[in-house]
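Trainee: So that we are looking at the same thing, I have put the structure below in structure tokens.
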Amino acid sequence: MSGEVLVSARGLEVHFPTGGRGFRKAPDGVLRAVDGVDLDIVRGETLGLVGESGCGKSTLGNALLRLVPSTGGSISFGGTDITGLQGRRLKELRRRAGMVFQDPFASLDPRRTVAQTVSEPLEVHGLRKGRDKAARVAELLELVGLDPAVAGRYPHEFSGGQRQRVGIARALAGEPDFLVCDEAIASLDVSVQAQVLNLLRRLQRQLGLTLLFISHDLSAVRHISDRIAVMYLGRVVEIGPADAVGTDPQMPYTQALLSAVPLPHPKLERERKRIVLTGDVPSAAAVPSGCRFRTRCPYVFEPCDDVDPALQPVGAPGQQAACHLHGVVGTPATAPEGVTATP
Amino acid sequence: MTGTTATPVLEVEDLRVRLRTPRGPAHVVNGLSYSVGAGETVAVVGESGSGKSVSVLALLGLLPARVATVTGRALLQGEDLLAMAPERLRQVRGPGAGMVFQDPMTSLNPVLSIGRQLVEGIRAHTDMDKAAARRRAADLLGEVGLPDPAGTLDRYPHELSGGMRQRVIIAIALSNSPALLIADEATTALDVTVQAQIIDLVEGLQAERGMGVVWITHDLGVVAGIADRVLVMYGGRCVEDGTVDDVLERPSHPYTRGLLGALPDLAQPAVDGVVPDLATVPGVPPAPTDLPEGCVFWPRCPVRGDARCETEQPPLAVIGSADVALPHRAATWCTEGGAR
Amino acid sequence: MTGAPVPPPDAPVAGQGDAKGTSPGPTTLRPARPRWRETLGLLARNPTAAVASLVLIGIVLMTIFDETLAPQGPSEVSVEDRLQSPSWAHPFGTDDLGRDILSRVILGAGVSLRVGFLAVGIALVIGTLIGLLAGYYGRWVDDVLMRVMDMLFAFPAVLLAIAILAVRGAGSGNTALAIGIVYIPIFARVTRASVLGVREEVYVRASRSVGASDFRLLTRHVLPNAAPPIIVQTSISLAFAVLAEAALSFLGLGTQPPNPSWGLMLAEGRGFIDIAWWLAFFPGMAIFLTVLCFNLLGDGLRDVLDPRQRTLMAGSGR
């Protein structure tokens, strides 16, 4: 795994205007799905992105691939700024970066055969024609563990796990460098999840892929990732090597998240002390001032109200957490933008 | 098999459910037997198609009679649910057993306020007037931990978050103080932190009221945290049961072992710095219209340690000591170390 | 609190296990059947739709071979034979000019159907295109296009048709054009609604993620999946178009005499109802039968093409 950064985001924002009508009053009428994310994904690594519903992880994944327009900040891929990319260049990006979607039943066009679905990238980018195309489709199906003979079938004839493999084959057809797995195993049965996780790991090693593995399932993320990033309400609140974040989280939200994951070991379950968070996640249209986690944090104290914490190095090498418990660093609400309070 | 010496709240005996399908009869539940004592939590574990959900729907008479044939006995506090007249069954559903389903959004009527839905359930089983029922409803909402009980009564489901909705559903299930609570994948659709809250809530309420709880899930982690007893279902049968420690720490049936092995282990992902591949169970579960003759797991079993596996169905038999209150049982010809 | 739905028995699953060669077990995949063939098969199982389709095919064949089938020409006037009741020589009788009604009904079929198909063809092509663009691109494109459609839709259909015919003059061709224009909005709306749903489907997003152009997405993914309601609407609109042509001809604006047209024949036969019921009866029956069959076919198609109904139907007998 080289140290070269393949995908990078700086101050990335994805804001959606809200109508203002309805039950949730949006004070400034904006839903901050992704609210200022700095991220570097190193070539060849698997970065796990975890968080609960509404944290913006799916939106972030889609934004990195330019499938959802960003409203602020910048994204770069392979050293090139892709934030405003259009036309032919954007199409080239589509070949180099792909996505595996969550719902295996919805992500395949029910009126197209497996062969047609898997060969779509080849046709769109003019990569193979005729017999070569069919050969490549067969090759891809074998790569994901399916019998090439099923190429003429329709999606409804397959199980969820098999459809997901077809989706992976399609994503790999253009020989991409970067793959985003957006809750790729969430809709599958437990035993099938294991099969797909193994498959993704094998493919990554074999093809030298860079993976962004988005999931709410911490165990799966820990299993497959080299590094883990934790998101809450549109921000990355902790990031670091998988082991470090998994065993010694530095941010209270990560700690609570880990303690909430039920483990299949009755003895451990009885003995563990669970951090139970109070209340619900605030709406992304009404993000709390200062630290956005302060409304539920068991360790909330003075600076949390006012200063929006920035990621700072803490814990193991490469680990960062956005929490004032390690020193007050960030953007105060009362100070002009960009001024950092003295730690 | 009883876990406690007192009369069990629920006693299921040889439950079988056959569904009529265009493809022929589907044997969705095949001979399920278990009991739930007061204050006890029994977890029924299985993947999709194992029959776990259908089994509880059958218990409460929620399967359409046209297509479902249900046999066996299910004694709720001594009365057989499956032999009840429809009118009696309706009376029993609130106060006898409360049910919580998976999807909080579709379990609540989107056009009725929370208050109305609660009051409807309360007034169906008691003769309280509207005002008294409303007060009771507000009390219940407080009990399930909702921050503004009186205000919530007038809100609509879409105004609440998933966790809050699930709490409302639990309140509805508890509104007539049932002796038994059935939760079918009640936390699957919720975030993990919210799941922890709901599990805590149910455990607390159970301790307070001495209810029996049947918790259906595919998540073995949840099972480890909440269950006293576990039943593993596959192909409509119980393939293993026992205390939660027995089944999860010393799994005996190859399917249970496969299921546990397929879980990424958050507690110990790496062995000597290397994350091993997850052990998988290849293939897919059998279709209920086409069950194998012998052991129901035989087509996918990596062990196959006995000649009888293919042709003879193994009975649920005791493994280990038979003297304990709750013996560990498995339906397999092959235990650890080969054939029995 | 509603009960949870009964989980359906396992859907037929491909025999291969999730990893090649690791699953023992003899189950094999059903032979692959392209969707349209399956559609026809399912349709055949619905008795009313099946019968309706056969009748329509019969009518279409009749139209194609009209000249051969009709015992006499449409304008063979024979004064001695006028107003003869149905007999072996003239199974449908003769009209007030001695023309054989059977022949005129057969030949009139051609007129009615041609106008019907032409009108629906115009509405289908233009309406679908408008609906596709409005539904897919949304925002101002949607606003502009659909407001125009709304204006068109707001006119009472017959009045609009009359207005168009007043401008362009009477006759079958212009009738088809008038009816076609009147039906454009309904096709636009149906298409737009369908496209709005399909546009959000994950597989559309997936194809976009792979680099597909808008054109490719529209033609290969959106339109095929949005088609079912449009197909149903086509069948139903054919029924209405035939009826509309009859109405306009009845009013004297559509097909002009001496060309046979069911509507025209109805109009001409109206005055003779008490003495010669057959003049109006047979063309009327023809209109009724054709419209009925198009409607039944449309209903049958609607059931078959609705994905949920279809799974229920497709599951049986396999």
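Trainee: Determine by what factor the alpha-carbon radius of gyration of region A:246-333 differs from 2.2 N^0.38 Å, reporting the quotient.
Mentor: Computed over Cα atoms of region A:246-333, the ratio equals 1.20.
Trainee: With the cut-off at 23 Å, report for region C:127-213 the share of all Cα pairs above it, as a whole percent.
Mentor: Taking all Cα-Cα pairs of region C:127-213, the fraction more than 23 Å apart is 38 percent.
Trainee: Moving to a separate point now. Could you size up the charge dipole of chain B around its Cα centre, putting +1 on the beta carbon of Lys and Arg and -1 on that of Asp and Glu, and report it in debye to the nearest 20?
Mentor: 1180
Trainee: Extending each Cα 7 Å along its Cβ direction at C:Val60 and B:Ser48, get the distance between those two points in nm, one decimal.
Mentor: Inter-label distance under the simple model: 3.9 nm.
Trainee: Just to confirm my numbers, what's the Cα centroid distance between region C:252-291 and region A:132-157 in Å?
Mentor: So the two Cα centres are separated by 60 Å.
Trainee: A follow-up question, please. Long-range amide H contacts for A:Val14: which residues qualify at under 5 Å (H placed 1.01 Å from N, peptide plane, sequence gap of 5 or more or a different chain)?
Mentor: A:Ala33, A:Val34, A:Asp35, A:Gly36, A:Thr71
Trainee: Charges at C-beta only: +1 for Lys and Arg, -1 for Asp and Glu. How large is the resulting dipole of region B:157-241 about its Cα centre, in Debye rounded to 20?
Mentor: The dipole of region B:157-241 has a size of about 200 debye.
Trainee: For the protein assembly as shown, evaluate the Debye formula with one uniform point scatterer on each Cα (no solvent term) and list log10 I(q)/I(0) at q = 0.05 Å⁻¹, rounded to two decimals.
Mentor: Relative scattering, expressed as log10 I(q)/I(0), comes to -0.40.
Trainee: Please build a GNM for chain A, connecting alpha carbons under 10 Å apart, and tell me which residue among A:Ala97, A:Ala171, A:Ala260 fluctuates the most.
Mentor: Among A:Ala97, A:Ala171, A:Ala260, the largest mean-square fluctuation in the Gaussian network model of chain A belongs to A:Ala260.
Trainee: Give me the one-decimal nm value for the distance between modelled label points at A:Ala310 and B:Gln77, 7 Å along each residue's Cα-to-Cβ direction.
Mentor: Inter-label distance under the simple model: 6.4 nm.
Trainee: Further question on the same structure: Please find, in a Gaussian network model of chain A (springs between Cα atoms separated by less than 10 Å), the residue of A:Asp40, A:Asp109, A:Asp217 whose mean-square fluctuation is greatest.
Mentor: Checking each option, the largest mean-square fluctuation is seen for A:Asp109.
Trainee: If N is the number of residues in region B:107-175, what value comes out of its Cα radius of gyration divided by 2.2 N^0.38 Å?
Mentor: In units of the globular-protein estimate, region B:107-175 measures up at 0.97.
Trainee: Mind checking Rg over Rh on region C:171-236, alpha carbons, Kirkwood formula for Rh?
Mentor: 1.14
Trainee: Report the FRET efficiency, 1/(1 + (r/R0)^6), for A:Arg10 and A:Arg131, where r is their Cβ-Cβ distance and R0 is 45 Å, rounded to 0.05.
Mentor: According to the calculation, E is roughly 0.50.
Trainee: Ok, one more. Normalized C-alpha radius of gyration of region A:52-115, against 2.2 N^0.38 Å?
Mentor: 1.32
Trainee: Something else now. Cut-off 11 Å, label point 7 angstrom out along Cα-to-Cβ of B:Glu159: give me the residues of region B:92-127 whose amide nitrogen falls inside.
Mentor: Under 11 Å, as judged by backbone N against the label point of B:Glu159, lie B:113-115 of region B:92-127.
Trainee: When the chain is fully extended, how far beyond the present Cα-Cα distance does B:Ala85 get from B:Asp277, taking 0.36 nm per residue of separation?
Mentor: Fully extending the segment from B:Ala85 to B:Asp277 adds 63.8 nm.
Trainee: Follow-up question, since we're still on this one. What fraction of the DSSP beta bridges in the protein assembly as shown is antiparallel, stated in percent and rounded to the nearest 5?
Mentor: Taking every DSSP beta bridge with both residues in the protein assembly as shown, the antiparallel ones total about 65 percent.
Trainee: Something else now. How are the Cα pair distances of chain B distributed, in percent, across 20 Å bins from 0?
Mentor: Distribution as computed: 29, 56, 14, 0 percent.
Trainee: Run a plain Debye calculation on region A:212-254 (Cα atoms as equal point scatterers, no solvent) and give log10 I(q)/I(0) at q = 0.18, 0.28 Å⁻¹, rounded to two decimals, same order as the q list.
Mentor: The calculated log intensity ratios at q = 0.18, 0.28 Å⁻¹ are -0.44, -1.10.
Trainee: Quick one: if the Förster radius is 35 Å, what FRET efficiency do C:Arg45 and B:Leu112 give, using the C-beta to C-beta distance and rounding to 0.05?
Mentor: Efficiency at R0 = 35 Å is approximately 0.30.
Trainee: Of B:Arg88, B:Arg308, B:Arg237, which has the largest mean-square fluctuation in a 10 Å C-alpha GNM of chain B?
Mentor: B:Arg88
Trainee: Dividing the convex hull volume of the Cα atoms of chain A by its residue count, what figure in Å³ per residue is obtained?
Mentor: Hull volume over Cα atoms, normalised by residue count, gives 160 Å³.
Trainee: Taking a quarter of the surface of the convex hull around the Cα atoms of region B:1-122, what do you get in nm²?
Mentor: Result: 9.2 nm².
Trainee: Separation between the A:Asp81 and C:Leu292 pseudo-spin-labels, each 7 Å from Cα along Cα→Cβ, expressed in nm?
Mentor: 7.2
Trainee: On to the next question. May I ask which of A:Lys91/A:Lys129; A:Lys57/A:Lys267; A:Lys57/A:Lys129; A:Lys57/A:Lys133 have a Cα-Cα span longer than 28 Å here?
Mentor: Correct reply: A:Lys57/A:Lys267; A:Lys57/A:Lys129; A:Lys57/A:Lys133.
Every read-out reported here was derived from the displayed coordinates using simple, explicitly stated rules and does not represent laboratory data. Here the structure is a predicted model, which is why all the values come from computation and not from measurement. Positions of Cβ are generated from backbone atoms using ideal geometry, with glycine treated the same way; all protein chains shown enter the neighbour counts.
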